[in-house]
Amino acid sequence: MTAALKIWSGYLRLTARFPSIGSLVPFIPVIGLWWLVVYLQVFPRVFLPGPVDVWQSFTSLTYKGILPEYLQDSMVRLAVGAFWGIALGIPLGLLIGMSKRAYAALWPPLLFFQAIGDIAWLPILVIWFGYGLVTMTFVIVYTVIFPVVLNTVLGVRTIHENMYRAALSLGASRTRILWEVVLPGALPNIVTGLRNGLGYGWRALIAAEIIVGTSGIGFLMFDARRAGSVVEIILGMIILGILWYIVDSWILAPIERATGQRWGLVQR
Amino acid sequence: MKSLTIRNLSKTYFDLYAGTQVTAVHDVSLDVPAGEFVSIVGPSGCGKSTILNMIAGFIPVTGGEILVGGAPVKGPGRDRGVVFQSFALFPWRTVLDNVAFGPKMRGIAKAKREKIAREYLALAKLTDAADRYPNELSGGMQQRVGVVRALANEPDVLLMDEPFASVDAQTRMTLQEELTRIWQDKKPTVIFITHDVAEAVFLANRVVALSKGRVLDEIAVDLPRPRSWDALHQDERFKALTGRVLQMVRSA
C-alpha cells in the first residue's frame with residue numbers, strides 16, 4: 001500500500017514539474033487497447049495494423065523525406081490561411097462591432113455566407129482556380145474568418161460603456177480608444193475565435209487536400225487509400241491529432257492564459 | 001484646479017416604455033469655487049448621477065450650461081476626472097499602467113509618467129500593488145486605484161459617482177478618511193455624489209440636497225479637518241449636521 005502511494009506521489013510530483021507528461025499518460029491505455037485488439041487478431045492485419053507497423057511506416061516515410069515535406073506543406077497552408085483569416089477577420093469584426101451601420105450592412109450577408117460551409121465552395125473554386133494553393137488558401141481563410149469575426153464582434157460588444165467613458169475622461173482620443181480600449185477589451189474573445197477558427201481551418205485543410213491536393217497530410221491519407229495502405233492512413237490520422245494538440249496547447253492556450261484569464265475577464 | 005459653475009441645468013428624456021417625457025433634472029444651479037469639496041446627496045432616482053454624467057460630458061444637456069473655469073463643457077475631457085461606482089479600471093493594464101494612463105494620453109514619456117503614477121500610488125498606500133492586475137485586488141484597493149488614476153491626470157474638477165457604495169462598511173470608512181486626507185493634500189475641486197447622508201457630511205465643505213431633480217437646499221459643513229470617524233461619530237456638531245441633511249432629504 002505504501003509503495004503504491006509512493007509511486008502515486010512521485011507521479012504527481014513529476015507531472016507537476018513536467019505537465020506535458022501528464023497529458024501523454026491518458027494515451028497509454030488507448031495504445032495498449034489498440035495493440036491488444038491487433039494482437040488478438042480481431043480484424044485482419046491489412047485492415048487494422050498495429051502500433052509497431054504504424055511506427056515503422058512513420059520512420060520509413062520520414063527517412064524518404066515524404067512525411068517532412070507533406071507536413072511542411074500542410075503547416076504552411078494553415079499558416080498562410082490563418083494569417084489572412086486574422087488580417088481580414090479582426091478589422092472586419094472591430095468594424096462591425098463598433099459601427100451600427102456596418103453591423104446593419106454586413107451582419108446578414110455574413111450569416112448567409114457562414115451557412116455555406118467551406119467544403120461547399122470546393123466545386124466552384126476548382127473551376128475558378130483549379131487544383132492549387134489558391135483554392136486551398138481560400139477554403140482555409142473562409143473557415144478561419146467566421147469564428148474570428150463573430151467572436152471579435154462579441155468581444156467589442158461586451159466592453160462596458162464605462163471603459164470608454166473612463167478613457168475619454170482621462171483624455172484619450174477616438175483613435176487611441178481603438179488601441180487602448182477596444183482592441184484589448186475584445187482580445188480575450190478574439191483569441192477564443194482564433195482558437196475555434198484554426199481548429200475548423202485545420203479540418204477544412206485536410207478535407208481540401210483530400211479533394212484538390214497534390215501534397216500534404218490529407219493527400220497522404222487519400223493517396224494511401226488508393227494504394228490500399230491502411231498503415232499510412234492511420235499514421236495520417238495520428239499526425240493530425242498530434243499536430244493540432246501542439247498548436248492548441250503550445251501556442252493558443254498560453255495566449256489565452258496570458259490575456260483574458262490573467263485579466264480576470266475569462267473564468268478559468 | 002478650477003471652479004465649476006452650473007446654470008439652470010435641466011435634463012428631460014423620452015421614456016419609451018411610459019411613452020412620456022420625463023424630467024430627470026430640473027433647473028439646477030450650483031457654484032463651486034476652485035478647491036471646494038461639494039457633496040450632492042439624495043435618494044436613488046433623484047437625478048444626482050444624471051447631473052454628474054452631464055458635468056462629465058457623457059450625456060448631452062437639455063437646457064442650461066456647465067462651465068469649468070469659465071469655459072463651457074463639450075463632451076468628456078481630461079479637465080474633468082471621473083471616479084466610477086463600478087471602478088471602471090482597465091482590466092488589461094496593471095495598477096501602475098492604469099494610473100499612468102492619463103499622463104500617457106497627454107504624451108508624457110514612459111519614465112516620467114511612471115514616476116508620476118508611483119507618487120500617486122504612494123499617496124493611496126498602493127506602492128506594493130503597482131505590478132498587479134485590477135482583478136487581483138480587493139474592491140477597496142481597486143477603488144483606491146480608481147481615485148488616484150483620476151487624480152494623477154491633474155483634472156480641474158474631480159467627479160465622484162457613489163465611489164464607495166460597492167465596498168464593505170469598514171473599508172468604506174477607511175476610504176473616506178483617506179479621501180479627506182488626499183483632498184487636504186491636493187485641494188482638488190470635488191463633486192461627490194452619494195445617497196449616504198453621513199458620508200456626504202463627513203467629506204464635504206458643503207452638502208447639496210437633491211430630490212426629484214431639484215435642489216432642495218444646501219448646508220455648509222464647517223467641521224474642522226483633518227476629519228476621522230473616531231473623532232466625529234460622537235461629535236455633536238456632526239450629529240446635528242447629518243440630522244439636518246437627513247431631514248431635508250426626507251421632507252421632500
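Bear in mind that the values in this text are calculations on the coordinates, not laboratory data. Bear in mind that the values here come from a model prediction, so they are computed numbers and not experimental data. FYI the Cβ positions are ideal-geometry reconstructions off the backbone, even for glycines, and counts take in every protein chain you see.
Numbers at a glance
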{"item": "Sites matching chymotrypsin sites (Phe, Trp or Tyr not before Pro) across the range A:42-105 that sit in DSSP coil, with at most 11 neighbouring C-beta atoms within 10 Å", "result": "A:F47"}
{"item": "From phi via Karplus (6.51, -1.76, 1.60), per-residue ³J(HN,Hα) for the range B:215-231 in Hz, x at Gly/Pro", "result": "7, 7, 5, 9, 10, 7, 9, 9, 5, x, 10, x, 9, 9, 5, 4, 7"}
{"item": "Net lengthening on full extension, A:T158/A:F112 (0.36 nm per residue, minus Cα-Cα)", "result": "14.2 nm"}
{"item": "Built amide H within the under 5 Å cut-off of B:S211, gap 5+", "result": "B:L216"}
{"item": "Tilt relative to chain A, helix A:183-212 - C-alpha long axis, 0 to 90 degrees, to 10", "result": "40"}
{"item": "Built amide H within the under 5 Å cut-off of B:V25, gap 5+", "result": "B:K11"}
{"item": "Shielding by partners - mean other protein chain Cβ count within 10 Å, residues of B:147-155", "result": "1"}
{"item": "Environment charge at B:I219 (Cβ cut-off 11 Å; Lys +1, Arg +1, Asp -1, Glu -1)", "result": "-1"}
{"item": "Cα-based Rg / Dmax (Å) for the range A:51-263", "result": "20.4, 69"}
{"item": "Two-site label geometry, B:S251 and A:T15: point separation in nm, points 7 Å out along Cα→Cβ", "result": "7.2"}
{"item": "Taking A:T59, B:T5, A:T192 and counting other C-beta atoms within 10 Å, the order from fewest to most", "result": "A:T59, B:T5, A:T192"}
{"item": "Residue order, fewest to most beta carbons within 10 Å, for A:F146, A:F222", "result": "A:F222, A:F146"}
{"item": "Per-residue [θ]222 nm for chain A (sum of -39500 (n - 2.57) over DSSP H runs n ≥ 4, rounded to 500)", "result": "-25000 deg cm²/dmol"}
{"item": "Rounded, prolate or oblate (a/c below 1.5 giving rounded, otherwise prolate when a/b exceeds b/c) for chain B by Cα gyration tensor", "result": "oblate"}
{"item": "Calculated P(r) tail over 39 Å for the protein assembly as shown, as whole % of Cα pairs", "result": "47"}
{"item": "Chain B: relative contact order in percent, alpha carbon pairs under 8 Å with at least 6 residues between", "result": "26"}
{"item": "Distance (nanometres) between label positions extended 7 Å along Cα→Cβ at B:K187 and A:L33", "result": "7.8"}
{"item": "Phi to ³J(HN,Hα) by Karplus 6.51 cos²θ - 1.76 cosθ + 1.60 over the range B:134-144, Hz, x for Gly, Pro", "result": "x, 5, 8, 10, 6, x, x, 5, 4, 6, 4"}
{"item": "Shielding by partners, peptide A:169-180 (average Cβ within 10 angstrom, other chains)", "result": "6"}
{"item": "B:V82 long-range amide H proximity, modeled H, under 5 Å", "result": "B:L159"}
{"item": "In Hz, Karplus ³J(HN,Hα) per residue of the range A:98-108 (6.51, -1.76, 1.60; θ = phi - 60°; x = Gly, Pro)", "result": "8, 10, 5, 5, 4, 4, 4, 7, 9, 5, x"}
